[in-house]
Structures are given as C-alpha cells and as structure tokens.
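The values are calculated or read from the model by the stated rules, or taken from the named source; none is laboratory data. Fair warning: this is a prediction, and the values are worked out from it, not measured in the lab. Please note: Cβ atoms are built from the backbone with ideal geometry, for glycine as well, and neighbour counts cover all protein chains shown. Just the protein is used for accessible areas: all its heavy atoms, side chains included, with ligands, DNA and RNA removed. Shrake-Rupley method; radii C 1.70, N 1.55, O 1.52, S 1.80 Å.
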Number of protein chains: 4
Amino acid sequence: MSKAFRELRDALRDFAAERDWEQFHSPRNLATALAVEAAELLEPFQWLTDEQSRSLPPGTRAAVEEELADVLLYLIRLADSLDVDLEAAARAKILRNAEKYPVDKARGSSLKYDQL
Amino acid sequence: MSKAFRELRDALRDFAAERDWEQFHSPRNLATALAVEAAELLEPFQWLTDEQSRSLPPGTRAAVEEELADVLLYLIRLADSLDVDLEAAARAKILRNAEKYPVDKARGSSLKYDQL
Amino acid sequence: MSKAFRELRDALRDFAAERDWEQFHSPRNLATALAVEAAELLEPFQWLTDEQSRSLPPGTRAAVEEELADVLLYLIRLADSLDVDLEAAARAKILRNAEKYPVDKARGSSLKYDQL
Amino acid sequence: MSKAFRELRDALRDFAAERDWEQFHSPRNLATALAVEAAELLEPFQWLTDEQSRSLPPGTRAAVEEELADVLLYLIRLADSLDVDLEAAARAKILRNAEKYPVDKARGSSLKYDQL
C-alpha cells in the first residue's frame, strides 16, 4: 500500500478510535453509509443533462467535492474493516477489466462485457 | 496529488481513451455508475448481522473486494471528470469532520453532528 | 387503505410468516434491501441516453418490470413493519408537493422547491 | 389495475403535465430519482441496530413516512413512463417468489434462492 492510502487509512483509524466509534464501524454499517453517501453524490446530478453535469455551478461543485470525499473516506474505512488492500484491489481490477473489455471489441461501445 | 492517486487516475484515463469511452463518461453517468456499484457492494451485507459481516465466507469476501475496487475506480474517474483532486478533498474533509465531531462531544455516540 | 394495497400487504405478511422470515424483516434490513433493489432497477439505465431509456429492448424491459415489482414489494413490507399506511402517505405527499411546487413557479423547471 | 393504483398514477400524470415536467420524466431520470429517494429512506437507519429501527423516535418516523411516500410516487411514475402495470407486476412477482422460495427449503433462512 502506498503512503497516500496508508495515511488516509491511519487518519480514519485514529479518528474512530479517539471517538470510540469502532463499535459502530462494522463492515455492514460502513457499507450502508457508503451507499447512502454515493446516492447523496448522485443527487445533484439527477435532473441534469450530461452536458449540464460537465459544468456545475460553483455551489453545486463545492458540495459535490465534499460528497466525493465522503465516499472515499467510507470506502477506505470499509476496506480497512475487512482487511482489504483497496489500492491493490483497484490495480488488480484494472487488469481484469482490460481482459473483459479488449480494445478492439469494446471501442465506442457502452455494452457490458458479456454482451459485446 | 500523490503518485498513487495520479497513477490510478492516469490508468483510467488511458483505459477510457483507448476504448473511446470519454463520450459515455459524463459526470452524470459516472455518478450513476458509482451509486450502482456502491449498492452492489452493499448487497452481500443486507441480511447479515454486524457480527456476521465481520467474518465473511471466502467467496463473498472475494466478491466484496472486487466491488470495493469498482467503487474506487468510478470515484477516481468521476473526480477526474470534474477536475477535482480527490485526495486533497479527502484530507480536507477529515479536518472538517474533526471540527464537526469534537472528541468530547462525539465519543461513543452515533448521532449526527447537528444532534450532538 | 384500499383493497389493492391491503391485499399486497397481507400476501407479503403471509409469505414472511410461512417462511419464518419476520426475524430478518426489521425496518433497517428492509430499508437496506429496498435501496439495493432500487439500484438494481437503475442499473440497466446507467449508460442509456434519455431517448434510449424510453424504448428498452424487450429483454431489458422484462428485467426492469421485475425490478419495479421488487421495489414495490419491499416498500409495502417496510411500510408495514413501521405500521405506516403507505397509500395514505402517498396521497398526503402529493398534496404537500402541490404546495411546494405551485404551477406558476414550477412550470418547465427542474429546480428544487427551495431554489424556485 | 385497481382504482387505488390508477388514481395515484393519474394524479402524478396530471401533476407533471400541469408543470410541463414530462420533458424531465424520462425512465432514466425517474429511475435515478427513485434510487436517490431510496437512499434517503435508508439514511436514518444507517447507524441503528435492528432493535432501534423497530421503534423510531417520532420525528424520525415522520421523516421516514415522507420518504416512503416519495419512493412510491417515483415508482408509480417510472412504471407509468414505461407503460408497466406495477400492481400486476407485483402480484406476478409474489407468485414467482413462492416458486423460488418453497416454504420447506426457505424456512428460517436468509439465503438467496440459488444458495438454498
């Protein structure tokens, strides 16, 4: 795990320990909180066109930035609660995706790999 | 941005560019895909007790690891599509959370900051 | 509560009782299952344009129909677990929405009521 | 379709038509809004135990009641936008579930049908 991910993980560990929050941080609860945050991140986009979503008004952008952070923090914390190396899992998934979506078959298509 | 986050971001940029997928990767679409993945990550936990969620069977654990990766990949890609430094946003949010949840008020409580 | 809603509620009560599933059907678990199903319902739409979403291929349409049903079943079951009259709540909400979104202010706008 | 569902569907049709909102109500947008509402409904439950979720404080209960209504309204509207008879789909799904979860195999188990 790189220093960047380790530092964020450790900061969240300390944050929870200082507040005696480990009791609430079961994988189940963290997965729930993560899904709630992901939906809050989706909320400002729900009535926008693709085009509008590319140029958010400043207030919306700041709120979205905070929601992005919330999702990452719960994600790191959830991975930690399951003893998963999130960064390594992400690198492995990129390789797997490259196999599932070969350039020549996937180019220009939004279909799922099993429908290509 | 640290090397770790930059490398993941760049790998995803290349992945999308090679497949001509930028056309699908509007912030709106990516936020939708992220919420879908977060719910897929929640799915295996939905009928588990907190205790059970702490010791997943190996097959479930492997699936969860892949879903954790999926969420991170879409999150990095979404932040990139909005030109947000995800890592910096996460660090800033930890500081903000420390103000919203002072140790002496938040200790042992799962209440929201505005109800503490 | 009308006969239609009562019948569905009662069918789900019987279904759970016969399988001894009340133990799993806490409001918390049902709310989680509902959110998971709502995301499964969103999944087939995630890369579609608005236009494409209006004319789904037959296979997708059948899958979507089943997901719509899943969401309704969990919703009715969740309301029942909380002793809420779902139908009455929906009728009351339409009236409230009519106040929040007066025709002359809301016409043609996708803004939230507090931004109109 | 029973009178109860037809009346709710028609009230929502009129609501949208009066506000010229059909332009926003693509199946894709409605499915997104539904997922966002389902997550808002999950939000108050996220740190509760199963036990606590069975007896919500009055303020939370009122908020949950409104979220339940929001989910139903978007669900009815989404089904209508796809020309699906939601009530018939729900009745059909109960029958299908009875086949997937025979009483003798499913009793007392929270496993998915393909793992029973």
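Some notes on this structure:
- Across the cross-link table entries A:LYS100/D:LYS100; C:LYS93/D:LYS3; B:LYS93/D:LYS112; B:LYS105/C:LYS93; A:LYS105/B:LYS3; A:LYS3/A:LYS105, which are compared at the Cα atoms, the separations over 27 Å belong to A:LYS100/D:LYS100; B:LYS93/D:LYS112; B:LYS105/C:LYS93; A:LYS105/B:LYS3; A:LYS3/A:LYS105.
- Area buried, chain D against chain C - accessible surface, total, 1.4 angstrom probe, square angstrom: 5800 Å²
- Top positive-direction residue, dipole computed over segment A:1-92 with Cβ charges, set A:GLY59, A:GLN23, A:ALA90: A:ALA90
- Apportionment of accessible area to carbon and sulfur, the protein assembly as shown, percent (1.4 Å): 49 percent
- Distance between the modelled labels on D:ALA17 and B:GLU7, one decimal in nanometres: 6.0 nm (7 Å Cα→Cβ projection).
- Helix D:58-81 vs. chain D, principal-axis angle (Cα, 0 to 90°, nearest 10): 70 degrees
- Restricting segment C:8-79 to GluC sites (Glu not before Pro) in coil, as DSSP defines it, with at most 11 other Cβ within 10 Å: C:GLU22
- Contact residues in segment A:43-64 (at least 30 Å² less accessible area with all protein chains than alone, 1.4 Å probe): A:GLU43, A:PHE45, A:GLN46, A:TRP47, A:ASP50, A:SER53, A:ARG54, A:ARG61.
- Over segment A:65-116, accessible surface divided per residue gives 48 Å², non-protein components excluded, 1.4 Å probe.
- Loop-located trypsin sites (Lys or Arg not before Pro) in segment D:41-80, at most 11 other Cβ atoms within 10 Å (DSSP): none
- Dipole magnitude for chain A: about 600 debye, using +1 per Lys or Arg Cβ and -1 per Asp or Glu Cβ, origin at the Cα centre.
- According to the calculation over all Cα-Cα pairs in segment C:29-116, the P(r) per 5 Å bin from zero is 3, 12, 15, 13, 15, 21, 17, 5, 0 %.
- Relative contact order computed over chain D (Cα-Cα under 8 Å; 6+ residues apart), in percent: 36 percent
- For segment D:80-116, a reduction of at least 40 Å² in accessible area between the chain on its own and the assembled protein chains (probe 1.4 Å) is found at D:LEU82, D:VAL84, D:ALA90, D:ARG91, D:LYS93, D:ILE94, D:TYR101, D:VAL103, D:ARG107, D:GLY108, D:SER110.
- Here the protein assembly as shown is assigned +1 on the Cβ of each Lys and Arg and -1 on the Cβ of each Asp and Glu. Its dipole about the Cα centre then comes out at about 0 debye.
- Separation of segment A:40-116 and segment C:1-25, taken as the distance between their Cα centroids, equals 37 angstrom.
- Each copy carries a label point for A:ALA63 at 7 Å from Cα along the beta-carbon vector; from one copy to the others these points are 1.6, 3.2, 3.5 nm apart, nearest first.
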